[in-house]
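Have a look at the structure below before the remarks.
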Amino acid sequence: MSSPDSYWLATGPAWTRPAAALPARAGVCVLGAGVMGATLAYWLTRAGHRPLVIERNTAPAMGSSGRNAGRLIQGGNAQHALAVEKYGHAEALAIYRATLTNRDLVREVAAREGIAATRFPTAKLDLAVEEDEALELKRTAEALRADGIPAEWLDLPGSRAAFGTDLPDTVLGGLYRPDQDSVHSVGYVRGMAEAAARGGAEFACGVTVASVAPAAGGGWLVATDAGQVHAEQVVVALNVWTPHLLPELAEVITPVRGQLVQTAPVDFRIPQWGLDRGLLYGGQTPDGSLLIGGLRNTVPGRDEGIEVPAGSNTPAFAPDLADRLAMALPALLPEAAGVPVVRAWSGVMAFTPDRCPLVGAWPGTEGLWVLAAFNGHGMPYSQVMPEQLAERILGGRGAGIPAAFDPARFH
Ligand SMILES: Cc1cc2nc3c(=O)[nH]c(=O)nc-3n(C[C@H](O)[C@H](O)[C@H](O)COP(=O)(O)OP(=O)(O)OC[C@H]3O[C@@H](n4cnc5c(N)ncnc54)[C@H](O)[C@@H]3O)c2cc1C
């Protein structure tokens, strides 16, 4: 079983805009047209600017943003009770609230820009089969409710009811959170890029950036395979490829392979789900196909530090892992037995040691910014971080960026 394209790339809208010629000068130059770069460009245009976006692929959303599971999971990488222990209550709540703001922004922007059909509502159910995880999830339900965020621990019958299907007896229960979203990843990201382009952003697709260096007299020189641009400000939104331009981050950003398999459509809908602290997870596409991903823990080295060939959007596809994922689905979801797996693909995630992204000024410089390394969890920040970073770039406070995301922490 192998397939080069994700469901989203195979079924998403084509990008038909001709690539912009590279100008000699630009105000803000955004490197990368994944969900982060495209959405940052959008927010810059909302503030009246005409950013230049440079993307190596021929269209936006061909990197990880077009190869993910499309789930906008609220909260940071750690369950809220653990995040409170790790960062303190105020910071953990700031991180969670950022993702709630993101949910509202996604809905508002999708409606305003005519891409509401790329978003669909769902819920999230984190299932536990071990007592210690069940305890973590119960504590998280309490911690969230104490912060006014709807969440509850459901026992096995309650989890089965929320799932709407059977679940094995080994499941102890689950943390249920309503009011979540999924998106058609490519439809959504290209929709954001289209909205940015309508607002005046230029997309130079098919252009690879080789380096960024300070220009004599101020600003930045962006060297590419199609010529050089002198930009007043530069934002590096290159996900796992960020260290190619900022080698200091080579020790900070670890490329991690993620894989997904997709079934044929089923006639029932289930919430987004996670099991074993998210090491196995799933979702559903708009047409009802089930997605299942994860199982990195069954691979030597957990697929961390994986090689991504130069110029490629993804590490090599691992057919054996895809087979294991396909087998895991009916073990959890008896209704999926006999439903054929029709597609599988790989992608790459950028992990940091503390599992927080890098959002903010590149330390010690003027006008160089980073928006990268979302630790397999970029979609729940995909409006709010670009929006807040755009505010900072244009001289505002961008106070919605949690201090835990400051790139200076690794400098
Ligand atoms: C299998 C899988 C499942 C996932 N599931 C989820 C999920 O359900 N929910 C979630 O929130 N997150 C998920 N993620 C993570 C999510 O996809 C990322 O957090 C998000 O896409 C990061 O967006 P980005 O814009 O930073 O990166 P990308 O989309 O990778 O964009 C970076 C862009 O930079 C371009 N680029 C690189 N180098 C250069 C260069 N030198 N010059 C010009 N352009 C360049 C690339 O071509 C690419 O388009 C998943 C990831 C994988 C792999």
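The values are calculated or read from the model by the stated rules, or taken from the named source; none is laboratory data. Since the model is a prediction, treat every value here as computed from it, not as a measurement. All Cβ positions, even for glycine, are placed from backbone atoms using ideal geometry, and neighbour counts span all protein chains on display.
Each row is one residue, and each column tells you yes or no for (1) buried (at least 16 other Cβ atoms within 10 Å of the Cβ); (2) in contact with a Gly (Cβ under 7 Å, 6 or more places away or on another chain); (3) modelled with pLDDT of 95 or more; (4) in a helix (DSSP H, G or I).
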residue	(1), (2), (3), (4)
LYS138	yes, no, yes, yes
ALA143	yes, no, yes, yes
PRO150	no, no, yes, no
LEU154	yes, yes, yes, no
PRO157	no, no, yes, yes
ALA161	no, no, yes, yes
VAL171	yes, no, yes, no
LEU175	yes, no, yes, no
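Say we look at region 40-61 and pick out the residues that are in contact (Cβ under 8 Å) with a residue 60 or more places away in the chain and out of contact with any strand residue (DSSP E or B) (no Cβ under 8 Å at 6 or more places or on another chain); which of these is nearest to the ligand (Cβ to nearest atom)?
Result: ALA61.
Looking only at region 314-334, count how many residues are surrounded by fewer than 20 Cβ atoms within 10 Å (Cβ to Cβ), touching a helix residue (DSSP H, G or I) at 6+ places or on another chain (Cβ under 9 Å) and in a loop (DSSP other than H, G, I, E, B).
Going through region 314-334 one residue at a time, the tally reaches 1.
Which one of these does GLN74 not meet: (1) within 6 Å of the ligand (Cβ to nearest atom); (2) part of a loop (DSSP other than H, G, I, E, B)?
Here GLN74 clears every test but (1).
I'd like to check something: does region 340-349 contain any residue that is within 17 Å of TRP43 (Cβ to Cβ) and of a type outside the set (Asp, Glu)?
No.
I'd like the full set of residues that are part of a loop (DSSP other than H, G, I, E, B), within 14 Å of the ligand (Cβ to nearest atom) and crowded, with 17+ Cβ neighbours inside 10 Å, limited to region 216-261.
Once the filter is applied, which keeps residues that are part of a loop (DSSP other than H, G, I, E, B), within 14 Å of the ligand (Cβ to nearest atom) and crowded, with 17+ Cβ neighbours inside 10 Å, region 216-261 yields ALA237, LEU238, LEU246, ILE253.
In region 300-313, what residues are within 10 Å of the ligand (Cβ to nearest atom) and touching a helix residue (DSSP H, G or I) at 6+ places or on another chain (Cβ under 8 Å)?
Within region 300-313, VAL308, ASN313 meet the criteria.
Please go through region 87-111 and pick out each residue that is basic (Lys, Arg) and either in contact (Cβ under 8 Å) with a residue 12 or more places away in the chain or touching an Asp or Glu at 6+ places or on another chain (Cβ under 6 Å) (or both).
If the condition is that a residue be basic (Lys, Arg) and either in contact (Cβ under 8 Å) with a residue 12 or more places away in the chain or touching an Asp or Glu at 6+ places or on another chain (Cβ under 6 Å) (or both), then ARG103, ARG107 are the ones that fit.
Considering ALA33, ALA10, which residue is touching a residue at least 60 places away in the same chain (Cβ under 8 Å) and assigned by TED's automatic domain parsing to the domain that holds ALA223?
None of the others qualify; the one that does is ALA33.
Do you know which residues across region 27-84 are touching a Cys at 6+ places or on another chain (Cβ under 7 Å) and surrounded by fewer than 22 Cβ atoms within 10 Å (Cβ to Cβ)?
ASN57, THR58
Failed condition for ARG257, given (1) over 21 Å from ASP5 (Cβ atoms); (2) not assigned by TED's automatic domain parsing to the domain that holds VAL35, with all others met?
Looking at each condition in turn, ARG257 falls short on (1).
Working carefully through the options ALA337, ALA344, find the one that is in contact with a helix residue (DSSP H, G or I) (Cβ under 8 Å, 6 or more places away or on another chain), surrounded by fewer than 17 Cβ atoms within 10 Å (Cβ to Cβ) and more than 30 Å from GLY400 (Cα to Cα).
Matching residue, one of ALA337, ALA344: ALA337.
Within region 262-274, can one find any residue that is surrounded by fewer than 23 Cβ atoms within 10 Å (Cβ to Cβ) and either in a helix (DSSP H, G or I) or among the aromatic types (Phe, Trp, Tyr) (or both)?
Yes, there is a match, as at least one residue in region 262-274 is surrounded by fewer than 23 Cβ atoms within 10 Å (Cβ to Cβ) and either in a helix (DSSP H, G or I) or among the aromatic types (Phe, Trp, Tyr) (or both).
So which of ASP267, ASP320, ASP276, ASP303 ends up being more than 19 Å from the chain's Cα centre (by Cα) and on the phi > 0 side of the Ramachandran plot?
None of the other options fit; the residue is ASP276.
I'd like the full set of residues that are assigned to a strand (DSSP E or B) and either aliphatic (A, V, I, L, M) or away from the ligand (no atom under 15 Å from the Cβ) (or both), limited to region 276-299.
LEU280, LEU290, LEU291, ILE292
Can LEU290 be described as modelled with pLDDT of 95 or more and not assigned by TED's automatic domain parsing to the domain that holds GLU366?
Here the answer is yes, as LEU290 does meet what is asked.
Tell me, please, whether a residue that is within 16 Å of the ligand (Cβ to nearest atom), at negative phi, surrounded by 17 or more Cβ atoms within 10 Å (Cβ to Cβ) and assigned to a loop (DSSP other than H, G, I, E, B) can be found in region 95-112.
No; the residues of region 95-112 include none that is within 16 Å of the ligand (Cβ to nearest atom), at negative phi, surrounded by 17 or more Cβ atoms within 10 Å (Cβ to Cβ) and assigned to a loop (DSSP other than H, G, I, E, B).
Given (1) buried (at least 18 other Cβ atoms within 10 Å of the Cβ); (2) away from the ligand (no atom under 13 Å from the Cβ), where does TYR7 come up short, assuming only one miss?
Result: TYR7 passes all but (2).
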